[in-house]
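As structure tokens, the structure follows; a few thoughts come after it.
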Amino acid sequence: MELRLNRLSKAAPLAGLCLMFSVGLFGQLTKPIASYDLKAALDPKAHMLHGSETLTWLNDSPDSVPVLRFHLYMNAFKNQKSTFMRESGGQLRGDQFGGKEWGWVDVKSMRLENGPDLTRAIQFIQPDDGNKDDQTVIEVPLATPVKPGASIRLNIDFETKLPTVFARTGFHGTFYLAGQWFPKIGVWETAGFRHAQKAGWNCHQFHANSEFFANFGDYSAEITLPSDYKIGATGEMVDKKEDRAKKTTTWTYRQPSVIDFAWTAQPTYLKLERDFVAAREVTPVELARTSKLFGISEDQARLSDVRITLMLQPEHSEQADRYFRAAIAGLKGFGLRFGHYPYRTLTLVDPPFGAGGAGGMEYPTFISCGTGWRMPEDVFLVLEGTTVHEFGHQFFMQLVATNEFEESWMDEGFNTYATTKIMDEVYGPSALPVRIFGIQMAGWFGLPKLTAAAENRLAYSSLPDEDPILRNAWSYANGNSYAVSSYMKTAIFLDTLENLMGPDTMARVMRTYSQRWRFHHPDTLDFLQVVNEVSGRDFTPLFDQFVFHARKLDYKVDAVESRKLETWMGVFDENGKRRTVGVAEASKIDFKASQQKGHKDLYENTVRIRREGDAVLPVDVRIHFVDGSIEKQHWDGIERWVKFKFEKTAKVDWVQIDPLRKHELDVNRTNDSWQDHYPKKLAARWGSQFEFWLQNLVLWMSAFV
Ligand SMILES: [Zn+2]
């Protein structure tokens, strides 16, 4: 694959705007609910956007809607009293907000088309925490409610001040990444939508650990920049107008059927382009395999071509191929598994040094990645891991548009589960380095390198049961628990689910879920419904224990005893006679003599398995004896412990709980096995020894933060 990529990279055009523009090609993929015509002019001196938007909102519910709610996300960065700043302490994902330049958005005017001015009726509200100083949500009462099935158009003028780069947005020098930059309407949920009890706005405040939620719509944006700036944005560029007098250029982008719009600009960007040509990247064998696995035609399995644009820092020019390769791995890996990526463009952003807070973020058809100065690929695959992960969000939270405020596991965790598979498949073990508090833990000092899957387990086992997987993003115990629960624990949960139902069935579950809910807004129960339907089994108890509750799974070999049955004392009836064996008689029996007559020692073997955690899952146990025989047992795990007894002429050699390693969720694997002769099966156990060592190290280091 790599050789072929290299050949492609030489043939591919590296620069220039050679998209074919034709309005007729901009087909909608789904019914628009909230569509935006955005206009913004950048003032690079003040880092201000002078903007306007025309919002077309369809009330696609059977309810009359009397008020509107909007997100003003940028106000999270207005001052230290915002809910975001209070929760985060001005720090997100290791990035500290310097406070050099704050960010905010002011709604200058809001007017209903052919209707009244609503500006003065706007009120800040705080539906989540009542923090009166938080200005990230506004409510606007309407004189006349929006009737079911009716559309309204609103004209909004706004000014956005971009902060110094922090939490996915802002500026750094002449670099801009504009995310969450315009007033955005919330989601009206009718009763039953995402299992809502009653109708109402779903419009949360901006929280430190939460991302976003929006309806699909058709977006167009006219961005005016100084003419020396290069731009990358959501969707396809359809127009470019230069104003020579003002030395500005207005770029028009369009993208139907997405949930958001972001853009980036910088004069010094290298803007590189390359095509993902599906027929070249996907082999006939892969296509046939996909069609067979999912029971679909090869046409249905086929991927579509995508123009990839890379907005690259000039000092990272040597990393262009790595970015393109990772994007192609994503387009192919996710596309074959979950259905083709239906958009024609994908833009990758490489933020400059010092603007890391703008990296590692996803927007429709537009992702920000991240790299360092000439990082050697064989040690660090941060660039690849980030690019594949951020691309994966095109599926989990973009195409399948879940509520990131309330169900972060369904975007971050589903994506981590899928990204892990693709990284291990494309880049092999060690694809992602283990980094704990910034320190490289594996792959150095002679320690083995880890697969991405093993890294997920490592992080999970450091914090397995602090929170259930499912929580409002701001309700986890802390940022660390949000991260572990939403990303790694979910991946481990889905791995366990996959092991229990088998990989092919799980692949069909994820495919069915992705396809059925594409362009919709499923919730946890919708996913569970697909799991049970496609697998033909009821996994509700599994969800109950790990998604809805924070149970801990840990089985342990508690005790193993092989007692030689030398003699029995007491009164025995033998051949019609009664014989008494007392202490004196027993000591006289010559066992060596009886052995020589072909008699074998008899052992009473007792194996006790204990459930250490409060989670209950049926589990297999395999008991190996020194004569090579094996006893297989199955335990429902309901009681606290179980004892298995075997009277055999051989002692227990070793015991293995969960021998097929189905229970990825078992927090401690070092107590899953027992063996009589320690070094004998050491090789088989070595993996868990290493894990044990790392686990302890993580716990030890956690004590210092
Ligand atoms: Zn993510």
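The values are calculated or read from the model by the stated rules, or taken from the named source; none is laboratory data. Computed from a predicted model, the values in this text were never measured in an experiment. In this analysis, Cβ positions are derived from the backbone assuming ideal geometry, glycine residues included, and neighbour counts consider all displayed protein chains. Areas reflect the complete protein model, heavy atoms only, side chains present, ligands, DNA and RNA absent. Shrake-Rupley method; radii C 1.70, N 1.55, O 1.52, S 1.80 Å.
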Name the residue, out of 130, 98, that is over 23 Å from residue 38 (Cα atoms), loosely packed, with under 15 Cβ neighbours inside 10 Å and at pLDDT 95 or above.
-> 130
Could you list, in sequence order, the residues of the range 194-244 that are free of Cβ contacts under 8 Å to residues at least 24 places away in the same chain and among the hydrophobic types (A, V, I, L, M, F, W, C)?
-> 196
Limited to the range 665-682, what total is found for residues that are assigned to a loop (DSSP other than H, G, I, E, B) and at pLDDT below 95?
-> 8
Of those in the range 429-457 that are open to solvent by less than 10 Å² (accessible area, probe 1.4 Å) and either modelled with pLDDT of 80 or more or touching a Lys or Arg at 6+ places or on another chain (Cβ under 7 Å) (or both), the residue farthest from the ligand (Cβ to nearest atom) is 442
Criterion: within 26 Å of residue 58 (Cβ to Cβ), under 27 Å from the mean Cα position of the chain (by Cα) and of a type outside the set (S, T, N, Q) - qualifying residue of 306, 238, 258, 282 = 258
Can you pull out the residues in the range 239-256 that are open to solvent by less than 30 Å² (accessible area, probe 1.4 Å) and touching a Lys or Arg at 6+ places or on another chain (Cβ under 8 Å)?
-> 249, 251, 252
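Yes/no matrix, rows are residues, columns are (1) surrounded by 18 or more Cβ atoms within 10 Å (Cβ to Cβ); (2) over 25 Å from residue 527 (Cβ atoms):
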| site | (1), (2) |
| --- | --- |
| 173 | no, yes |
| 178 | yes, yes |
| 182 | yes, yes |
| 194 | yes, no |
| 201 | yes, no |
| 205 | yes, yes |
| 220 | yes, yes |
| 234 | yes, yes |
Hey, could you check the range 552-577 for residues that are open to solvent by less than 80 Å² (accessible area, probe 1.4 Å) and not in a strand (DSSP E or B) and say which is nearest to residue 646 (Cα to Cα)?
-> 565
Take the residues in the range 378-428 that are assigned to a loop (DSSP other than H, G, I, E, B) and under 25 Å from residue 316 (Cα atoms), then tell me which one is nearest to the ligand (Cβ to nearest atom).
-> 393
Residue pairs meeting the criteria (Cβ under 9 Å; at least 6 apart or on separate chains; first in contact (Cβ under 8 Å) with a residue 40 or more places away in the chain and closer than 13 Å to residue 332 by Cβ, in the range 414-429; second away from the ligand (no atom under 15 Å from the Cβ) and aromatic (Phe, Trp, Tyr)) | 418/338
What do you reckon, is residue 277 touching a Lys or Arg at 6+ places or on another chain (Cβ under 7 Å), surrounded by 14 or more Cβ atoms within 10 Å (Cβ to Cβ) and of a type in the set (Val, Ile, Thr)?
-> no
Please find, within the range 488-517, the residue that is nearest to the ligand (Cβ to nearest atom) out of those that are open to solvent by 50 Å² or more (accessible area, probe 1.4 Å) and over 21 Å from residue 662 (Cβ atoms).
-> 517
Assess whether residue 46 counts as being among the small types (Gly, Ala, Ser), in contact (Cβ under 8 Å) with a residue 60 or more places away in the chain and open to solvent by 30 Å² or more (accessible area, probe 1.4 Å).
-> yes
Out of contact with any Cys (no Cβ under 6 Å at 6 or more places or on another chain) and open to solvent by less than 20 Å² (accessible area, probe 1.4 Å): does that describe residue 79?
-> no
